[in-house]
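Structure, as structure tokens:
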Number of protein chains: 2
Amino acid sequence: MTKLAEFKALDPAQQQGLFLNMSSAEQVELLMAMPTAERKIWLRVLDPDDAADVVQGVPLAERAGLLDLLDRSARNEVSALMAYAEDSAGGLMSPRYVRVRPDMTVDEATNYVRRQSTRSVETIHYAYVLDLEQKLLGVISCRQLLSAQPETLVSALMTTDLVVVDEQMHQEEVSKIFSRYSLLAIPVVGNGGRMKGIVTVDDIVTVVHEEATKDIQKMGGSEALDEPYLKIGLFKMFKKRGGWLMALFIGELFTASAMGYFEAEIAKAVVLALFVPLIISSGGNSGSQASTLVIRAMALGEVRLLDWWRVVRREVFTGLMLGALLGLTGLIRILLWQGMFHTYGEHAVLVALTVSLSLVVIVLWGGLAGSVLPFIMRRMGFDPATACTPFVATFVDVTGLIIYFQLARIVLAGTML
Amino acid sequence: MTKLAEFKALDPAQQQGLFLNMSSAEQVELLMAMPTAERKIWLRVLDPDDAADVVQGVPLAERAGLLDLLDRSARNEVSALMAYAEDSAGGLMSPRYVRVRPDMTVDEATNYVRRQSTRSVETIHYAYVLDLEQKLLGVISCRQLLSAQPETLVSALMTTDLVVVDEQMHQEEVSKIFSRYSLLAIPVVGNGGRMKGIVTVDDIVTVVHEEATKDIQKMGGSEALDEPYLKIGLFKMFKKRGGWLMALFIGELFTASAMGYFEAEIAKAVVLALFVPLIISSGGNSGSQASTLVIRAMALGEVRLLDWWRVVRREVFTGLMLGALLGLTGLIRILLWQGMFHTYGEHAVLVALTVSLSLVVIVLWGGLAGSVLPFIMRRMGFDPATACTPFVATFVDVTGLIIYFQLARIVLAGTML
């Protein structure tokens, strides 16, 4: 049974509930499978902000056809919304909100709100007080209207200490403002304080999920997919992953050069090669912990650029403790194996010392690189989430090899090397 | 200047605004710095759900003292809320909501709502219709009340097709229900459908941020910090990171064993060692991409356990393409260097072939391991975000070394080995 057939099998009330709660990608899929007459009915069920998302979800050539299915006033609203970037406050907002005038009495305003509430408005929790030029003067809550004396003027009651967002603000910033002020809706204003619409908090829950997904995908070393994992085309997924994997691979090619530089040492002391994966991966893990924590703290606004020195101090301390822990474990492991199986030859103690010392230095180094790199990326204007974590691992791999073999040259000079 | 002194320097309206928008950790800090008389005033400003968070934020010995500062009815509300796990629906909810009876008329109900709205209730967007045993019968929106005929009965108007959550439901589930239904508030019910309180969407924005942060930190290979990066004690941070770093280190120790197993081959063909970091890191990066994408898709509910076979098919295809891309690049790089610098000796073509073939297999293997492991972890009842990504890297490192050297044994048999 196709999705459309499944949908048609439901009773009308269920259909409407299901349709309104679908993601816009699902709405597009269903609408485009319908004959035009039905498509028109269902498109008109949507609020203008949701209709705009649907129209933007179909190929360019079919957009005009969809817009034509709307009545004129809705078409104007939807076209206006489509002018905004999808991830801006303007792209999130609904133009349907409750408005009152400052010179109305509470009684008049309540009646006016009641009349508007029979139209489809996003929320009647707040009524916005606008002057004749649509400039936002204040806000009054439904609760205030209900509990005030009927003859009080709106202008005397309204809150003028407003939290507003600009129509161009990025949705991630908008979501931070919602977190900070615990509001149900925030007005969106354009040039000269003109009211454009409202963003409601239920849309923000979706935004927060979206932004976290993008950050997580970037931190995992690929581009943000922007589509569900099971839906995205395989070639598109290949492109989103291949670009970064290739960039990291080219970085890792330097490990071959670094190793080549120490080829003579490896030939003389093959035992050194055995610990290469252990050492570079420990540096990588330490770096990945540090960069993940710092990038997330930056995204949440807990850590700002100014804090870089405090972060470095914390990482030096933590890195030394973690390095000591791993170094000691490595030392014990090598000496134990040597005692039991004589695995590492006559200079095992010196080898153990080299590995152990390298672990201390490289775990510290990984933590430092992992915590400083996000600051550098942000300072240079990049999003620190962008593949920072695997990039740190690559950087720490190459430099870690150099540290390891240089330490080996010093510790093993005159014995193995 | 201390934080308390800074706070006292503000005017009373600013103080209240600032205090109510603080995180509960900040509220605790400020309250505990105040003398008792002031502490009492400010504690009473908080809604019961926020007061419960504050009381739970102080050491056990001081909780009773704080509770005593509340009036009896608030104390009862706060104590009841403290019985819930902080991350459950019960721990998030407010017991202050607007209630009406089914046999009221719209006119009576409106007056009743108006009276309740002067008390501090969380939202008057919805009024909940309860019977005499506090059982939830239906919900009626403020908008419905405003636009209905005054003499209509609430029971005739109310919606009975309700979205409710159980008091024990985990906050992550609650947030998914908010995303799905775009509601401003959801009622929380206990045994037998008894209404316990409401969760409002503004608290859910915080929950979504919190849950994403936990997942990101776990995917970066440490425990969730549960405190801001710059605030957490250094020793606590060491413990949260040290445990996982140590677990991964112990896993990586197997790379030394795997390398040891091929020591004779490395001694004969040192050139093989040069590509070890390149090969294992490429497998690790591919695995980390796959596991990140799959874990996030699982968290969002896009991928379920049943989908494992679809995921494997996608990863086989993507892995082969990515492997071919990297393998080809590796081949060209080695042959180019050989042509220019004669770096890799007389059997360079065979070495290039070994590395290139290994890259194809290991990138594919990394993608497969990275995508399947989250399913296994979830099937076994673990949270797949828990250090899965670095664990995949460790697993792919050890197995990747074995694949590489086994392929070398086959390709280089009779020439270098």
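The values are calculated or read from the model by the stated rules, or taken from the named source; none is laboratory data. All figures in this text were calculated on a predicted structure; none of them were measured in a lab. FYI the Cβ positions are ideal-geometry reconstructions off the backbone, even for glycines, and counts take in every protein chain you see.
Do any residues in the stretch B:372-390 that are within 13 Å of chain A (Cβ to nearest Cβ) and in contact (Cβ under 8 Å) with a residue 60 or more places away in the chain have Cβ atoms under 9 Å from those of residues that are surrounded by fewer than 16 Cβ atoms within 10 Å (Cβ to Cβ) and not in a helix (DSSP H, G or I), where the two are at least six apart or on different chains, and which pairs are they?
From residues that are within 13 Å of chain A (Cβ to nearest Cβ) and in contact (Cβ under 8 Å) with a residue 60 or more places away in the chain, the pairs are B:Cys388/B:Phe382.
So, A:Phe238, is that one touching a helix residue (DSSP H, G or I) at 6+ places or on another chain (Cβ under 8 Å), farther than 22 Å from A:Gly366 by Cα and facing another protein chain (nearest Cβ under 8 Å) or not? Full working, then the answer.
Details: touching a helix residue (DSSP H, G or I) at 6+ places or on another chain (Cβ under 8 Å): yes; farther than 22 Å from A:Gly366 by Cα: yes; facing another protein chain (nearest Cβ under 8 Å): yes.
In short, yes.
For the stretch B:299-309, which residues satisfy the criterion of being more than 9 Å from chain A (Cβ to nearest Cβ) and in a helix (DSSP H, G or I)? Talk me through it step by step, then tell me what you get.
Just the residues of the stretch B:299-309 that are more than 9 Å from chain A (Cβ to nearest Cβ), to begin with: B:301, B:304-306, B:308-309.
Of everything in the stretch B:299-309, those that are more than 9 Å from chain A (Cβ to nearest Cβ) and in a helix (DSSP H, G or I) turn out to be B:Leu305, B:Leu306, B:Trp308, B:Trp309.
Before we move on, is A:Val208 within 7 Å of another protein chain (Cβ to nearest Cβ), surrounded by 24 or more Cβ atoms within 10 Å (Cβ to Cβ), closer than 18 Å to B:Asp202 by Cβ and aliphatic (A, V, I, L, M)? Even if it seems obvious, please write down each step before you answer.
Values: within 7 Å of another protein chain (Cβ to nearest Cβ): yes; surrounded by 24 or more Cβ atoms within 10 Å (Cβ to Cβ): yes; closer than 18 Å to B:Asp202 by Cβ: yes; aliphatic (A, V, I, L, M): yes.
Yes.
I'd like the full set of residues that are crowded, with 24+ Cβ neighbours inside 10 Å, more than 7 Å from every other protein chain (Cβ to nearest Cβ) and either within 22 Å of the chain's Cα centre (by Cα) or not in a helix (DSSP H, G or I) (or both), limited to the stretch A:263-293.
A:Gly287, A:Ala290, A:Ser291
If you check every pair at least six apart or on different chains, which have Cβ atoms under 7 Å apart with a residue in the stretch B:316-334 that is at the interface with another protein chain (Cβ under 10 Å from one of its Cβ atoms) and among the hydrophobic types (A, V, I, L, M, F, W, C) first and a residue that is surrounded by 17 or more Cβ atoms within 10 Å (Cβ to Cβ) and not in a helix (DSSP H, G or I) second?
Listed by first residue and then by second, the contacts come to B:Ile334/B:Tyr344.
When you go through B:Leu368, B:Leu326 one by one, which is the residue that is surrounded by 19 or more Cβ atoms within 10 Å (Cβ to Cβ), closer than 24 Å to A:Ser222 by Cα, touching an Asp or Glu at 6+ places or on another chain (Cβ under 7 Å) and not small (Gly, Ala, Ser)? Outline the logic, then answer.
Details: B:Leu326 fails: touching an Asp or Glu at 6+ places or on another chain (Cβ under 7 Å).
B:Leu368 is the lone residue from the list that is surrounded by 19 or more Cβ atoms within 10 Å (Cβ to Cβ), closer than 24 Å to A:Ser222 by Cα, touching an Asp or Glu at 6+ places or on another chain (Cβ under 7 Å) and not small (Gly, Ala, Ser).
Of all residues in the stretch B:372-408 being surrounded by 20 or more Cβ atoms within 10 Å (Cβ to Cβ) and small (Gly, Ala, Ser), which is modelled with the lowest pLDDT?
That would be B:Ala387.
In the stretch B:50-78, how many are in contact with a helix residue (DSSP H, G or I) (Cβ under 8 Å, 6 or more places away or on another chain) and either under 30 Å from B:Arg114 (Cβ atoms) or in a loop (DSSP other than H, G, I, E, B) (or both)?
Total meeting the criteria: 13.
Do we find that A:Val312 is more than 8 Å from chain B (Cβ to nearest Cβ) and β-branched (Val, Ile, Thr) in this structure?
Here the answer is yes, as A:Val312 does meet what is asked.
Residues checked against (1) in the same structural domain as B:Tyr126 (by TED's automatic domain parsing); (2) closer than 23 Å to B:Ser24 by Cβ:
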residue: B:Ser147; (1), (2): yes, no
residue: B:Glu151; (1), (2): yes, no
residue: B:Ala156; (1), (2): yes, no
residue: B:Gln168; (1), (2): yes, yes
residue: B:Ser175; (1), (2): yes, yes
residue: B:Gly192; (1), (2): yes, no
residue: B:Met195; (1), (2): yes, no
residue: B:Ala212; (1), (2): no, yes
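Results for (1) more than 11 Å from every other protein chain (Cβ to nearest Cβ); (2) out of contact with any Leu (no Cβ under 8 Å at 6 or more places or on another chain), shown as yes or no for each residue.
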| position | (1), (2) |
| --- | --- |
| B:Leu132 | yes, yes |
| B:Thr160 | yes, no |
| B:Gln171 | yes, no |
| B:Ser175 | no, yes |
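Answer yes if at least one residue in the stretch A:300-320 is surrounded by fewer than 24 Cβ atoms within 10 Å (Cβ to Cβ), under 29 Å from B:Gly260 (Cα atoms) and either touching an Asp or Glu at 6+ places or on another chain (Cβ under 9 Å) or not basic (Lys, Arg) (or both), and no otherwise.
Yes, there is a match, as at least one residue in the stretch A:300-320 is surrounded by fewer than 24 Cβ atoms within 10 Å (Cβ to Cβ), under 29 Å from B:Gly260 (Cα atoms) and either touching an Asp or Glu at 6+ places or on another chain (Cβ under 9 Å) or not basic (Lys, Arg) (or both).
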